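Comments concern the structure below.
Values quoted throughout were computed directly from the atomic coordinates according to the rules given, and no laboratory measurement underlies them. This structure is a prediction, so every number in the text was calculated from the model and none was measured. Cβ placement follows ideal geometry from the backbone for every residue including glycine, while neighbour counts extend to all protein chains displayed.
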Amino acid sequence: MTATNPLLTEWTTPFGLPPFHDFAADHYRPAFEAALNEARAAFDAIAADPASPTFTNTIDAMERAEKRLDRVAGVFFNLVSTNSDAALEEIQREMAPKLAQHSSQTLMNPALFERVDTLMQTRTSLGLTSEQDRVLELYHRMFVRAGAQLTGAERDRMSAIMSRLATLGTQFTQNLLADEREWFLVLQAEEDLAGLPEFLRDAAASAAAERNLDGKHVVTLSRSLIEPFLQFSTRRDLRETAFKAWTARGENGSETDNREIIAETLNLRAERAKLLGFEDFASYKLAPQMAKTPLAVRELLLRVWAPAKARAGQEAEKLEALLRQDGGNYDLAPWDWRFYAEKQRKIEHDFDEAELKPYLPLDRMLDAAFETAHRLFGLSFSPIENAPLPHPDARAWEVRRGNEHVGVFIGDYFARPSKRSGAWMSAFRSQQKLDGEVRPIVVNVMNFAKARPGEPTLLTFDDARTLFHEFGHALHGLLSDVTYPHISGTSVARDFVELPSQLYEHWLSEPAILSEFARHYKTGAPIPADLLEKVRAAETFNQGFATVEYLSSALVDLEMHTGDPAPDPMAKEAEVLSTISMPEAIVMRHRSPQFAHVFSGDGYSAGYYSYMWSEVMDADAFKAFEEAGDVFDPATAARLSEHIYSAGGKQDPEAAYVAFRGALPGVEALLEQRGLDQAA
């Protein structure tokens, strides 16, 4: 089986793409077992090496030890996120604790850590390059933070905690996917479709067809479908039904309820932090980040909270006035906000989403993202014909700079029941040069509502912004130019990783891009100049709402991980919202039972603030181009590429940013960018 398992054999496909059509569910278990055994043997051999530790026989060797495991895991976890089924989910539940156990065995191996520690203590005499010195520093930190210095019962307990957390994160993810897959609202009659523009009716019909409900219309819990429904539907009762289902994911009292998982997760994280000598999990998690401490994060979030809440209050007054004009004798509710905000935008800026959306077909927005990368970094994107792909909806492009192959970019853009919600960037292969030039294969995954067959998928402006955001992450992976896999691409501090993606969003609304690529899907006519100006003028519209929605989630995440865990996490959520006087008509962007960023794993745990921390930098970074007088200024773009997009984790993120910009920014540029600098 091992000799013929396509996950373990050499791939002769174009650019070494995974031969997706050759993979079957029964390939994954033996592939994981073989790769784990191979990695375990490699690490054991490094630990038992009688030769004195050197960078080559220790760090280089560890960088190579999991090569096959990385390949198998890269395929599996990408597929289980985008095209899952019962068989893959069963394997995921089985493998999560095994992989966690493997990681614990490696990072808490005393002999292995002794070699790394010896190198660390003698680093100044080893003649290391700056990149090697950084990799050694990060390896040592990784071992220490994983518990390498623990002994006896504490070491065993840490291993058990990590295994259990992996199981809980997997179950959280699968529960959330099940809730999103099972719930949908069937719009039975014409009156149920009241207010919905043609593009939204088409998307609802396409979603119905995917569920074998041909001829009907359904609203699902995909953000790209439910948010427009909340914007346009004149049926307040249906808006309420859909909104409550959306915010109740993971909190329905059934076997997919995530509340007990959250409670256990928080307790285990706190115990893990205390075993490592930290006061609480937030202190542990933030120590290696740019923010360093919970206090620094809290100060940033609360600095923005006051003007954001004030602006949201001003917005609410306008929406309530519209509600009264409609004869409403009730208070503005969360399922009313988007509906009346759409009306208010029409009043203030004389356009609505339905007017703009025909100018934003998906393919044109992809072309816009590609052209921006060409003007900034000299990249070109060519479709790869007959490429093996992870799903029929996916597409692949070869990325080149002149005659140089840069990598492969895969886009998977449409929502489907087998895909988890949200948008993200991942990789099937990361860039590195340890064993010759290895170029990356990166993927963007989104959940846009798919149009009817034969019709182009039309995006909202927020959808297009999401596309640019994730493509910024993709460029961070594609442009990576490092030797060591450990610091490749997006392997940087969590509160720095959003800088390349959020910065890239700026170019979407630049006239040089929108005027060329925003074209009507039927006539091909460019977006009218007056509509383009309205779009730009409305960029800070409803920013009080958007900022409050985000900040409340970030503050709840931070406070849940600060201090001792609350006995009832949902009561803690309510307490935090009460403390900051959360407006009743706005709900957290991610309530805790569906907060996959935080509870599907610990990637963004105590770290959801990262988007705003990075936004402080991206607002300032774009000013570098404005100050140069050209948003595609070659010299500024070259510095951006060298110090941010291609540098991976080669240096401390503060040093990287200062190398690009000259100094670290303050919060003022962010407040200006969100239009909150003038808020009361």
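Computed quantities for the displayed model
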| quantity | calculated |
| --- | --- |
| Vicinal HN-Hα couplings computed from phi for the range 602-616 (Karplus, 6.51 cos²θ - 1.76 cosθ + 1.60; Hz; Gly/Pro x) | 9, x, 10, 5, 6, x, 5, 4, 4, 4, 6, 4, 5, 5, 4 |
| Global geometry of the range 186-286, whether rounded, prolate or oblate, following the gyration tensor of its Cα atoms and the 1.5 cut on a/c | prolate |
| Separation of the HIS374 and ASP462 label points, Cα + 7 Å toward Cβ, nm | 3.1 |
| Highest to lowest packing among 219-228, 450-459, 262-271, scored as the average C-beta count within 10 Å | 219-228, 262-271, 450-459 |
| Antiparallel bridge percentage (DSSP; both residues within the chain; nearest 5) | 75 |
| Loop trypsin sites (Lys or Arg not before Pro), the range 470-567 (other Cβ atoms within 10 Å of the site Cβ: 14 or fewer; DSSP) | LYS522 |
| Within the range 635-661, backbone nitrogen closer than 17 Å to the virtual label 7 Å beyond the Cα of ALA628 toward Cβ | 635-647, 657-661 |
| Separation of alpha-carbon centers, the range 480-540 and the range 397-418, rounded to whole Å | 16 |
| Rounded FRET efficiency, nearest 0.05, which uses the C-beta distance separating ARG452 from GLU191 and R0 of 22 Å | 0.50 |
| Value of relative contact order over the chain, rounded to a whole percent, pairs C-alpha under 8 Å and six or more apart | 16 |
| FRET efficiency, 1/(1 + (r/R0)^6) with R0 45 Å, evaluated for ASP326 and SER130 via beta carbons | 0.10 |
| Linear extension gain, GLU264 paired with SER515, 0.36 nm per residue minus alpha-carbon span | 85.2 nm |
| The chain - mean residue ellipticity at 222 nm from DSSP helices (-39,500 (n - 2.57) per run, n ≥ 4, rounded to 500) | -17500 deg cm²/dmol |
| Given charges at beta-carbon only (K, R positive; D, E negative), |dipole| of the range 183-247 in Debye | 240 |
| The chain: mean projected area of Cα convex hull, nm² | 29.8 |
| Listed pairs LYS292/LYS650; LYS244/LYS357; LYS67/LYS285; LYS67/LYS274 exceeding 30 Å between Cα atoms | LYS67/LYS274 |
| Cβ-Cβ FRET estimate between ALA659 and SER52, R0 fixed at 30 Å, reported to 0.05 | 0.25 |
| Electrostatic dipole magnitude of the chain [Cβ: Lys, Arg +1; Asp, Glu -1; Cα centre; debye, to 20] | 720 |
| Proxy reagent accessibility, fewest Cβ within 10 Å first, across SER488, SER480, SER430, SER578 | SER578, SER430, SER488, SER480 |
